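Scroll down for the structure; my scribbles are underneath it.
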Amino acid sequence: TYHTMFITRADSGIKTLEQAKGKRMAFVDASSASGYLFPAAFLKKKGYEPETFFSQIVFAGAHDKAVQAVYNGDVDVAAVYD
């Protein structure tokens with residue numbers, strides 16, 4: 001098994017999912033279970049439509065690239081697997 005995580009930079013000020021509203025989001029790939037399908041379903045279950053909850057959504061192409069996008073400041077949040 002694996003777990004999906006939403007990650008941010010430690011200095012982002014984002015500590016809760018609600019604080020990610022309006023931020024830039026990186027998912028891995030539209031066909032990635034842990035990097036898109038499960039996190040998007042989780043958001044929808046919480047009442048957040050990913051397309052309107054975030055100001056921008058990008059698909060990074062791989063988990064390590066999503067992490068790198070957060071590290072570089074290209075996005076504020078990313079969904080990756082544990």
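How about the stretch 23-47: which of its residues are open to solvent by less than 50 Å² (accessible area, probe 1.4 Å) and over 17 Å from residue 10 (Cα atoms)? Matches in the stretch 23-47: 27, 28, 32, 33, 34, 35, 36, 39, 40, 43. The one condition from (1) in contact (Cβ under 8 Å) with a residue 40 or more places away in the chain; (2) on the phi > 0 side of the Ramachandran plot that residue 47 does not meet is (1).
In this structure, residue 62 does not satisfy being in contact with a helix residue (DSSP H, G or I) (Cβ under 6 Å, 6 or more places away or on another chain) and either open to solvent by 60 Å² or more (accessible area, probe 1.4 Å) or on the phi < 0 side of the Ramachandran plot (or both).
Restricting attention to the stretch 55-82, the residues that are within 10 Å of the chain's Cα centre (by Cα) and either under 14 Å from residue 8 (Cα atoms) or among the polar types (S, T, N, Q) (or both) add up to 9.
Of the strands (runs of 3 or more DSSP E) lying entirely inside the chain, those carrying at least 1 residues that are modelled with pLDDT under 95 and touching a Ser or Thr at 6+ places or on another chain (Cβ under 9 Å) are 4-7, 77-81.
The values are calculated or read from the model by the stated rules, or taken from the named source; none is laboratory data. Owing to the predicted nature of the structure, the values given are computational and were not obtained by experimental measurement. Here the Cβ is made from the backbone with ideal geometry for all residues, glycine too, and neighbour counts use every protein chain on show. For the accessible areas, the whole protein counts, side chains as well, though only heavy atoms, and no ligand, DNA or RNA atoms are used. Shrake-Rupley method; radii C 1.70, N 1.55, O 1.52, S 1.80 Å.
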